[in-house]
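The values are calculated or read from the model by the stated rules, or taken from the named source; none is laboratory data. Here the structure is a predicted model, which means the values were calculated and not measured. Note that each Cβ is placed from the backbone with ideal geometry, even for glycine, and that neighbours are counted across all protein chains shown. Remember, those area values only see protein heavy atoms, side chains included, never the ligands or the DNA or RNA. Shrake-Rupley method; radii C 1.70, N 1.55, O 1.52, S 1.80 Å.
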Amino acid sequence: MRKMEKEERLVANIGTTPFEPFLVDGKPITGQSFLQLDDTFAPGTGFHVYRMEPGSFSQPHEHTCHEQFLVIEGEVTDDDCYVYKPGDFVLLKSGTQHSSYSRIGAILAVFIRSAEKNI
């Protein structure tokens, strides 16, 4: 087995590493940020950690592919009033449309292959 080189391992702690602002149409969305290590995906796609501050809303959007996420902490409420809680592992299928709100804030581990389409 080949020895792993230092530059081949990227480690970020979600409690101490700065997050990047989450952008929609090139503009930051208030209260939303993400942390992504794999730069082979566009920002906010692939595997990333997504943070919603208390009181923040996501842009209404349509999924261009399946999106999967795991709620690590907090709660997220979809526009149909469905509440995702810590430990919920979710798949939203391609073509689904929604927006989300977080009353208390949330941190999600997300995988999505391609960017959503704003509606």
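Overview of values
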{"item": "Part-to-part distance (alpha-carbon centres) for region 97-119 and region 14-57, which is given in Å", "result": "10"}
{"item": "Gaussian network model of the chain, Cα within-10 Å springs - most flexible of 25, 78, 38", "result": "25"}
{"item": "Rounded percent of accessible protein surface that carbon and sulfur make up, region 1-108, 1.4 Å probe", "result": "56"}
{"item": "Debye, to nearest 20: dipole size of region 1-108, +1 on Lys, Arg Cβ, -1 on Asp, Glu Cβ", "result": "320"}
